[in-house]
1. For an R0 of 51 angstrom, estimate the FRET efficiency from the Cβ-Cβ distance between D187 and A261 and round to the nearest 0.05.
2. Compute the Cα gyration tensor for region 205-284, then decide on rounded, prolate or oblate, letting a ≥ b ≥ c be the square roots of its eigenvalues: rounded whenever a/c is under 1.5, prolate when a/b is larger than b/c in the other cases, and oblate in all that remain.
3. Starting from the Cα of F73, step 7 Å along the direction of its Cβ; do the same at K139; then give the gap between the two resulting points in nm.
4. For region 188-231, rounded, prolate or oblate, judged on the Cα gyration tensor with a ≥ b ≥ c (square roots of eigenvalues), a/c < 1.5 rounded, else prolate if a/b > b/c?
5. Work out, step by step, the length gained on full extension between D51 and K150: first 0.36 nm times the residue separation, then minus their alpha carbon distance; give nm to one decimal.
6. Once phi is turned into θ = phi - 60°, what whole-Hz ³J(HN,Hα) does the Karplus curve with 6.51, -1.76 and 1.60 give for every residue of region 188-199, x standing for Gly and Pro?
7. Straight-line reach from K232: which lysines have Cα under 28 Å away, leaving out those fewer than 8 places along the same chain?
8. Charges on Cβ only, +1 for Lys and Arg, -1 for Asp and Glu, centred on the Cα centroid of region 72-245; of M188, A163, G152, which one is farthest towards the dipole's positive end?
Amino acid sequence: MKMLKMLALLLAVLMILPAAAEEEEDEWSFIDLSGEPIVTYNEVEWDFPIDMMDMEPELVRLANKQMFLDEDFKPAGLVDVKELRLDDEGNNKNGGVRMVDGPWKLRKECAEALVALCDAARAEGHELYLKSAYRSYYKQAVMYENRVKKYGYDDGWVTKPGASDHQTGLGCDVVPKKWTDRGMNEDMAKEPETQWMAEHCAEFGFILRYPSDKEEITEINYEPWHLRYVGKEVAVYIMENGLCLEEFYVQLTAAIDDFLAAGGPRYLVEDFIQTSAEDQYSRY
Ligand SMILES: [Zn+2]
C-alpha cells in the first residue's frame, strides 16, 4: 500500500514539473539584436510593425460583409457620450462632443478619444457633431429592413445587421455643423472640418474607416464622416500607410500565421483571430 502511495506521488510530481517549466518558457521577453529592440515571445520574433502589447484585439475587430458580428455581440464598456461633454472641474473639456439625433453610446476609450478630438478641433476653429455612434444588431436590422422596403432592393447604403462597424461601439459618424440636418454624401470631404479630421484623427486613435480609394475592398462607399477607433499605434500605422482596416487585418493575420508557424504560443495571439458569424444569418 505504502509503495503504491509513493508511486502515485512520484507520478504526480513528474506530471507537474514539465507543466511548470513550460509555463515559464512561455513568458515573453525583450531581446536587443543589432541595436534595435526586437520583441520576442517565447523566443519567437513578432515580425510586425506594431508590438502585440500595443494592440487590443477588441479595438481592431472587423465588422463587414465577410466578417459578421454575432447577433448577441454587444461591445464591453459602453458609455453615454453625453456624460463626457463637460468636466465638473472645467479642466480640458471645452464642451466635449456636440450631438445630433442622440443620445449616443460608444465604448469608453472611444468616447474619451472623441472628446479629445472634438476639443482639439474646436481649439482650431472647427466645430464637429456626432451624428451616429453605437447601433445594436437589432437597430441595424430595423434600419436595413426599412431601407430595403423603401427602395425595393438593397442599394448598399445601409449595411446588413452584423456587418456594421457601428455595432462594434467604436465607429462614429462625425460631421460639420451644416451637414447635421442633410443627407450625407462624399461632398462633405471638401469641408475644412472634415479635412482637419482626416489629417488629425490618428493622433487620437481614429482612422477613416471607409476611404475613397478603398471602396472595392471595404465594399462601402467613401464616407469621410465615419471614424473608427482602433487605438493610437494602430491608427497612426494605418493612416500613414494609407490602408483600410481590412488591409490591416490581412497583414496582421499573416504575422499571426508566421508567429504560430515559428512555434509562438497560440494563446498570445488567439484573441486577434476573428471568425464570422455570417452563417447564422443566411436569411439576409
Ligand atoms: Zn457610419
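1. For D187 and A261, the calculated efficiency is 0.60.
2. oblate
3. Calculated label separation equals 1.6 nm.
4. The shape class here is oblate.
5. Full extension from D51 to K150 adds 31.0 nm.
6. 4, 4, 7, 6, x, 4, 5, 5, 4, 4, 5, 6
7. K65, K74, K82, K93, K105, K108, K131, K177, K190, K214
8. Ranked along the dipole, the leading option is G152.
No value in this document is a laboratory result; all are computed from the given coordinates. Everything numeric in this text was worked out from a predicted model, so none of it was measured. Reconstructed Cβ throughout: ideal geometry from the backbone, glycine too, with neighbour counts over all protein chains shown.
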